[in-house]
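The structure appears right after this line, and notes come after that.
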Amino acid sequence: MPEVLGLWRLIHRVGRIAEPARPAPAAGEVDPPERAVAAGLAGSVQIRHVDAGSCNGCEVEIGSAFGPVHDAERYGARLVASPRHADALVVTGPVTRNMAEPLRRTYEAVPGPKVVVAVGDCARNCGVFAGAYGVVGSVAEVVPVDVEIAGCPPRPEAIVAGLRTLTGR
Ligand code: SF4
């Protein structure tokens, strides 16, 4: 019981730590991808993440985007464990030889219509790994990409903003 009281006091002392919510994107301010509109994603998007060869920097920032401070879930974006439950893929890293086929298969496993978000410069254009022997190419060279989020790695705010173009919230 004293442990519970201590925990309660800690929660009370720390209070709410989430960043204040920024205003929702205004109509006309964002241009949701055609396939996001076709998929009827407005308000809620279930996301499967695929690391196609990242250095793990982008994963740290995605973890932060979904953590208690940036809290992407409050805008309707949610990570799920299976591509079969997903509306969208978030892909990080350049696509390595070993991950090209798994990425294609994961894309095929997502029920359509579906959306692909390339997160980070490596996903967009291979970034610092361009030309490396183990790299097949950018994400768009393997599966169709609808949204790109720039940065190496992108800040969590940029990841949240990119996902909000899908949820519209
Ligand atoms: S964009 Fe930067 S942080 Fe992300 S996987 Fe590439 S090198 Fe790592």
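The values are calculated or read from the model by the stated rules, or taken from the named source; none is laboratory data. Everything numeric here is computed off the predicted structure, so don't read it as measured data. Cβ coordinates were reconstructed from backbone atoms using ideal geometry, including for glycine residues, and neighbour counts include every protein chain displayed.
Which condition number in (1) in contact (Cβ under 8 Å) with a residue 12 or more places away in the chain; (2) more than 12 Å from the ligand (Cβ to nearest atom); (3) touching a helix residue (DSSP H, G or I) at 6+ places or on another chain (Cβ under 9 Å) is the one that residue 97 fails?
(3)
Of the numbered conditions (1) within 11 Å of the ligand (Cβ to nearest atom); (2) without any contact (Cβ under 8 Å) to a residue 24 or more places away in the chain; (3) under 24 Å from residue 42 (Cβ atoms), residue 91 fails exactly one; give the number of that condition.
(2)
Restrict the check to segment 124-133 and report whether at least one residue is within 16 Å of the ligand (Cβ to nearest atom), within 23 Å of residue 46 (Cα to Cα) and modelled with pLDDT of 95 or more.
Yes.
For segment 134-159, give me each residue that is in contact with a Lys or Arg (Cβ under 7 Å, 6 or more places away or on another chain) and either part of a loop (DSSP other than H, G, I, E, B) or within 11 Å of the ligand (Cβ to nearest atom) (or both).
134, 138, 142, 143, 146, 150
May I ask you to verify whether residue 68 is within 16 Å of the ligand (Cβ to nearest atom) and out of contact with any strand residue (DSSP E or B) (no Cβ under 9 Å at 6 or more places or on another chain)?
Judged against the criteria, residue 68 is not a match.
Of everything in segment 111-123 that's surrounded by 22 or more Cβ atoms within 10 Å (Cβ to Cβ) and part of a loop (DSSP other than H, G, I, E, B), which residue is farthest from the ligand (Cβ to nearest atom)?
Once the filter is applied, the top-ranked residue is 114.
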